[in-house]
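Quick notes on the structure that follows.
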Amino acid sequence: MLVPVTTRPRASLGRILEDLGTTLLEVVCGEPGLVDHVAAVVIHDPHDEPVPQGRALVLGVGLREPAAIAGLLDELGRHDAAGLVVRAPVEVTDELAAAVKRSGVTLLALTRGASWAQLAALLRSLIAEGDVGEIGPETLGGMPSGDLFALANAISTLLDAPITIEDRSSRVLAFSGRQDEADPSRVETILGRQVPERFTRILEERGVFHDLYRSDQPIDVAPMPGPAEGHLPRVALAIRAGDEVLGSIWAAVHEPLSPERRQALCDAAKLVALHMLRQRAGADVERRLRADLVATALEAGPGAPEALARLGLADQSCVVLALSPLVSPEDEGQTATHARLVGERQRIADAFSMHLNAVHPRSAATLIGDVVYAIIGVRRDQTDGEERAVRVATDFLDRIGSSRRLLVGVGSVATDNAALGRSRTGADRALRVLRLGRSATSVARISDVYVDALLLELADLANARGDEPTGPVARLMAYDAKRRSCLVETLEAWLDAFGDVIAASSAVYVHPNTFRYRLRRLAEVANLDLADPNARFAAMLELRLLTRTP
């Protein structure tokens, strides 16, 4: 029989797999993207007739043989099931692949070490009624979903010891009460929300982390060096979801734990893993949902009004900001560096979003591609929207610490959907000017750098068409290349100085008389009438475009 676990549809199969990542499930065969929603999670019982239920995700507990799996796939295909989950590893035979194709049911594998109960509870959470990722009254194992502090207190009661829940980097995710009963090192850890580096180094030298992550049982950890009465021993246990180590639980104990309490700690770690996975999935879904809404709003298409309404920005004018770290092309091309950049950009996006929520609640920010975009709401009666956006961005740059220079382009104020698209384009154009070093500031409005942005776009057009320098400038370039002279530099300096020979000669470090000679010579070589304003403008524009050619 197929025993229903839950029957409240909400998420597609592709979205569920994205939320879980590869921690618990992997696709063996099939097309999960074709399943638009999962209506239920059911458990297969081979000793009873199946209950017809469309779009069910079936947990094939105990199924091993390819022939048995293929037979069940055909049966589930007749019931329009969403997918079948079996225990990994799965041998994909020709018969099995044909059954998947014939039935249209996606075959998934549950990673080794993960429990079916853990998977069922997590799937139930992900397809529960309401927005995916929303943490509300939903519970897992009797605890509010994602509430690691409540779990820490419950585990502390079971063990009769203060505990901490930490991630793989020894950052404290949650801690229980009664920390005053622990030692000074635990107090220091709680205050800093991170195990001090000197203690981490000692644990690494002792091989504690090596033993911790290789064992599925609690390990005993000797006290830190120091006065005997000053430090307590620890009992630590890795938190696992299948083969992935999510973190660890640390208990400060006065005496060894009894076998019953050690078993209680093992059982509690499974529940902590479930909550950590649910918390991670919820955060990923919320982040993706916000990114989708911001992207839809910035596209300024038919869905923009609804997206702005869901972001709380429907009744306001808006300004778009585009933020990005300054990155060299060499760094972008290196795989290892690129991976770090991806993480760095996401951290910057999270920090910018938090900053905006604190100083400008009517706003939304997210990472789209390699740029962090923010939409800031402005009251329609305010006329200084761009200036406010610049102040918000400047304040953020002053507060954040980053190893890279951060750049922010600010678009124009948008009063409707079409204008919001133009504001996004303006922010992108201003950011490009900053990235190419055309401005000495880190924050620029498009109105401040409009001419530079326009010249860059003209240079792009010329490059796309394969245009080459022509006329006087081309003749000067050819002359300089042949004679190794510097007539192009002389012309550019003279134009930049508005014809002031003294200032121009000083800029290129030559005597004024020498500069005058060069000026007469370039006029002859280029056949350029320096007294003609149109000729001067044409030469200046072409020189500007040359300096902006990639």
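Derivation of every value follows stated rules applied to the coordinates shown; laboratory data play no part. Bear in mind the structure is a predicted one, so any value in this text is a computation, not a measurement. Neighbour counts run over all protein chains shown; Cβ positions are idealised from the backbone, glycine included.
Data overview
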item	result
Label selected from (1) 48, 25, 20; (2) 60, 32, 24; (3) 38, 30, 22, the criterion being semi-axes √(5λ) of the Cα gyration tensor in Å as computed here	(2)
Dipole magnitude of segment 139-279, debye to nearest 20 (Cβ charges: Lys/Arg +1, Asp/Glu -1, about Cα centre)	300
FRET efficiency, 1/(1 + (r/R0)^6) with R0 35 Å, evaluated for residue 498 and residue 478 via beta carbons	0.85
Over the chain: helical MRE at 222 nm, DSSP H runs n ≥ 4 each giving -39500 (n - 2.57), nearest 500	-15500 deg cm²/dmol
Difference of contour (0.36 nm per residue) and Cα-Cα distance, residue 315 to residue 37	96.8 nm
Label-point separation in nm, residue 521 to residue 67, each point 7 Å along Cα→Cβ	9.4
Projected-area mean, segment 368-473, by convex hull of Cα positions, square nanometres	9.3
Calculated FRET value between residue 463 and residue 255, using beta carbons and R₀ = 60 Å, to 0.05	0.20
Fraction in percent of alpha-carbon pairs per bin - 5 Å, segment 300-463	2, 9, 18, 22, 20, 15, 10, 4, 1, 0
Candidates per GluC sites (Glu not before Pro) in segment 181-253, loop by DSSP, up to 15 other Cβ within 10 Å	229
Antiparallel %, DSSP beta bridges [both residues in segment 300-463], to 5	85
Estimated FRET transfer efficiency (residue 74, residue 267; beta-carbon r; R0 41 Å; 0.05)	0.60
Cα→Cβ-extended label distance, 7 Å offset, between residue 213 and residue 160, nm	3.4
Antiparallel DSSP beta bridges within the chain, percent to nearest 5	75
10 Å beta-carbon shell around residue 411, net charge (K/R +1, D/E -1)	+2
Sorted peptide list for 496-504, 516-524, 424-432, criterion being average Cβ within 10 angstrom, highest first	424-432, 516-524, 496-504
Spin-label zone in segment 243-276 - amide nitrogen under 14 Å from a point set 7 Å from the Cα of residue 150 along the C-beta vector	272, 275-276
Coil-residue trypsin sites (Lys or Arg not before Pro) of segment 453-513, DSSP, other Cβ within 10 Å capped at 16	484
